[in-house]
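Right, one structure below, let's go through it.
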Amino acid sequence: MTTIRLTTAQAIVRFLANQYIEIDGDRVRYCGGGFAIFGHGNVPCLGEALYQYREELPLWRGQNEQSMAMAAAAYAKAKLRRRFMFATSSAGPGTVNMVTSAALANANRLPVLMLCGDIFLTRLPDPVLQQVENFGDPTISVNDAFRSVTRFWDRITHPAQIIQSLPAALNTMLDPADCGPTFLGLPQDVQGWAFDYPEEFFAPRTHRIRRQEADPADIADAVALLREAERPVIIAGGGVQYSEATEDLNTFAKTHNIPVVETIAGRANLTFDDPLNIGPIGSTGSNSANAIAGRADVVLAVGTRLQDFTTGSWTVFDKDARIVSINVGRHDASKHMSVPVVGDAKCVLGQLDKTLGDYAAPDGWMAEAQQERQAWDAYVDGNIRAGNRPASYAQVVGAVNRLMEPRDRVVAAAGGLPAEVTANWRTKSIGSVDVEFGFSCMGYEIAGGWGARIAQMETEPEQDTVVLVGDGSYLLLNSDIYSSVLTGKKLIVVVCDNGGFAVINKLQNNTGNASFNNLIADCNIEGEPFAVDFAAHARSMGALAESVDNIAELEEAFVRAKAADRTTVIALKVDAFEGWTDEGHAWWEVGLPEVSERESVDAARDDWNAGRARQRIGV
């Protein structure tokens, strides 16, 4: 056996550089590079190793560990999980900063490899800089915090260990059912220890993402229900895109005359003008999709984990409706006593199609669904129209949507914008929408835009990545505007300033509470509240930027941003009270006080509890 002597860090990097995957017939590196903020815990050894492979594995310097790991997640999402990026940080606070990002990637089932510095294995220099000592268990470090938010976790205690652990981490990310973030803790001394590795370990390997067909018995169970269905509906989730099954879904739905509704993650499974598309479902959905889901007798859920915003906290379906769940993961396929069909969406839709034969839902059912969609489209027409009320999120969404090209990508995340984008966006091309609502993480927007743009530049550099962000998320995490300018990864960022956390103020008021600590004007401040000059702030980071006063000016500024050669930020104020889409909402369960001194809270609780009557209890 031929061996090569390498440090642990050198072996990790060499291995990653030799892993490949086939995408659309082309062989490309499975690892698209990575993000790093160096410190004493990773620069001497891992930094040395990455430098040797800086061409094969491009490295981007982050400004914030949380945001750079979010960028890695967005990259993987844009690549439909067929490529990943790593994120590396030093030991201590830099590592802990990425726990939130790991949770985001885990909730959204996205592959990210986290390579984080750790305490010294020998413990000879203990306690070391930035070490949080556990008095009862010295084997524990802050890196153990990642155990609950990653799909694979290991601490490398010997150089030989990576021969098992590194392929295990990659196989986790390649597995459609187990896909998620993986973590390797790298003690600072172990990173530099050397070992005689088998050269074969570093031989180039080409991976393929497994496609699993369903058990024929599961197919038979699903077909038995569908054949009896008079009012079936398909819920299309984000897993449809990861399976590259959008065309298969469309063909299946058309062949069997079944209307389709989309989850938030599944937005852009169909274009807005597809007659099969009845709209987005759930608590931030559409009247059309919710009405059809409520009347359906069989619900075919494809590639969705049936989150509460999809199911209206399980009130959006008729209590007697049967749910068939196609999912590559048994955990997701079996929720709420669904009839599980465990398998890849593309494969399973083909199996179902063959077994269903000439079954088709009644034409009257499809006509009813399309009539509901027409009514919803008319509502959206009025909702996004400039001048219908004070400046609103919906007006911004409508204006940006109109001016974007079909293959441009839109990114949004926390606050009020996910609901407004989901309800009002009219998809022009498949897979062009990223609304991060699996973890609904403030700060993802700009960071995610940077990662998505890196991915977009690999195949569609002529297109744009457009970020919609509220003032709250902007203030939380904005430094990747600077990153995007530095790296030549142009973004168009539209900042909607409604004076604070307006959507939570809305929820606060809707639950009978007084406005408190959400809008800047209602916070504990000294003097008069004032707004941030977001344009000036963005210009200080190298971006082009301007403030506009209305939707017409926004449209003009957006055209200029499209023509610009670098990141452009456009800021405008939107109304905090009247600027909301007020239709399309299914019930959503939130915790409310059983007793309160406020009559308005008691009234809100009684009203909320009335909506619980439709809730399916675990079935």
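The values are calculated or read from the model by the stated rules, or taken from the named source; none is laboratory data. Computed from a predicted structure; not experimentally measured. Please note: Cβ atoms are built from the backbone with ideal geometry, for glycine as well, and neighbour counts cover all protein chains shown. Just so you know, the surface numbers come from the protein's heavy atoms only, side chains and all, with ligands and any DNA or RNA stripped out. Shrake-Rupley method; radii C 1.70, N 1.55, O 1.52, S 1.80 Å.
Structure notes:
- Selected residue (only one of Ile430, Ile492 is within 22 Å of Arg402 (Cα to Cα), open to solvent by 20 Å² or more (accessible area, probe 1.4 Å) and in contact (Cβ under 8 Å) with a residue 12 or more places away in the chain): Ile430
- Figure legend. Inter-residue proximity from the range 455-470: first residues touching a residue at least 40 places away in the same chain (Cβ under 8 Å) and within 14 Å of Ala78 (Cα to Cα), second residues open to solvent by less than 10 Å² (accessible area, probe 1.4 Å) and of a type in the set (Ser, Thr, Tyr), beta-carbon distance below 8 Å, spacing 6+ or different chains. Indicated pairs: Ala455/Tyr75; Gln456/Thr465.
- Which listed residue, of Leu468, Leu417, Leu475, is open to solvent by 10 Å² or more (accessible area, probe 1.4 Å) and of a type in the set (A, V, I, L, M, F, W, C): Leu475
- All positions within the range 435-460 that are out of contact with any helix residue (DSSP H, G or I) (no Cβ under 6 Å at 6 or more places or on another chain), crowded, with 24+ Cβ neighbours inside 10 Å and of a type outside the set (Lys, Arg): Gly449
- Residue-level check: of (1) closer than 30 Å to Asp497 by Cβ; (2) open to solvent by 40 Å² or more (accessible area, probe 1.4 Å), Asp353 misses just (1).
- Single match in Val339, Val324 (criterion: under 12 Å from Ile219 (Cα atoms) and buried (at least 23 other Cβ atoms within 10 Å of the Cβ)): Val324
- Note on the range 361-400: residues that are modelled with pLDDT under 95 and of a type in the set (D, E, K, R) total 1.
- Every residue from the range 495-524 that is in a loop (DSSP other than H, G, I, E, B) and either without any contact (Cβ under 8 Å) to a residue 12 or more places away in the chain or more than 20 Å from His585 (Cβ to Cβ) (or both): Gly499, Ala514, Ser515, Phe516, Asn517, Cys523, Asn524
- Among the residues of the range 83-98, not one is open to solvent by 30 Å² or more (accessible area, probe 1.4 Å) and touching a Leu at 6+ places or on another chain (Cβ under 9 Å).
- Residue count for the range 604-619 under the criterion of being under 17 Å from Thr310 (Cβ atoms) and without any contact (Cβ under 8 Å) to a residue 60 or more places away in the chain: the result is 0.
- The range 356-378, residues that are aromatic (Phe, Trp, Tyr) and surrounded by 19 or more Cβ atoms within 10 Å (Cβ to Cβ): Trp365, Trp376
- Condition broken by Ser540, with the remaining ones in (1) within 28 Å of Ile264 (Cα to Cα); (2) open to solvent by 70 Å² or more (accessible area, probe 1.4 Å) satisfied: (1)
- Selection of the range 1-23 for residues being assigned to a strand (DSSP E or B), open to solvent by less than 10 Å² (accessible area, probe 1.4 Å) and of a type outside the set (S, T, N, Q) yields only Ile21.
- No other residue among Ala73, Ala103 is in a helix (DSSP H, G or I) and open to solvent by less than 10 Å² (accessible area, probe 1.4 Å) apart from Ala73.
- Against the criterion of being surrounded by 20 or more Cβ atoms within 10 Å (Cβ to Cβ) and more than 24 Å from the chain's Cα centre (by Cα), Val190 qualifies.
- Against the numbered list (1) of a type in the set (Asp, Glu); (2) surrounded by 22 or more Cβ atoms within 10 Å (Cβ to Cβ); (3) within 23 Å of His256 (Cα to Cα), Asp332 comes up short only at (3).
- Near pairs, Cβ below 6 angstrom, 6+ apart or cross-chain, from the range 546-568 (surrounded by fewer than 14 Cβ atoms within 10 Å (Cβ to Cβ)) to any residue that is at pLDDT below 95 and part of a strand (DSSP E or B): none
- Residue selected from the range 27-46 under the condition in contact with a helix residue (DSSP H, G or I) (Cβ under 8 Å, 6 or more places away or on another chain) and in a helix (DSSP H, G or I), by the criterion nearest to Ala455 (Cα to Cα): Leu46
- Pairs, first free of Cβ contacts under 8 Å to residues at least 60 places away in the same chain and over 19 Å from Arg322 (Cβ atoms) in the range 275-293, second surrounded by 24 or more Cβ atoms within 10 Å (Cβ to Cβ) and among the small types (Gly, Ala, Ser), C-beta under 9 Å, six or more apart: Leu276/Ala253; Leu276/Ala369
- Odd one out for Met173 among (1) more than 19 Å from Asn42 (Cβ to Cβ); (2) open to solvent by 10 Å² or more (accessible area, probe 1.4 Å): (2)
- Tally, over the range 575-590, of residues that are under 25 Å from the mean Cα position of the chain (by Cα) and more than 20 Å from Asn287 (Cα to Cα): 1
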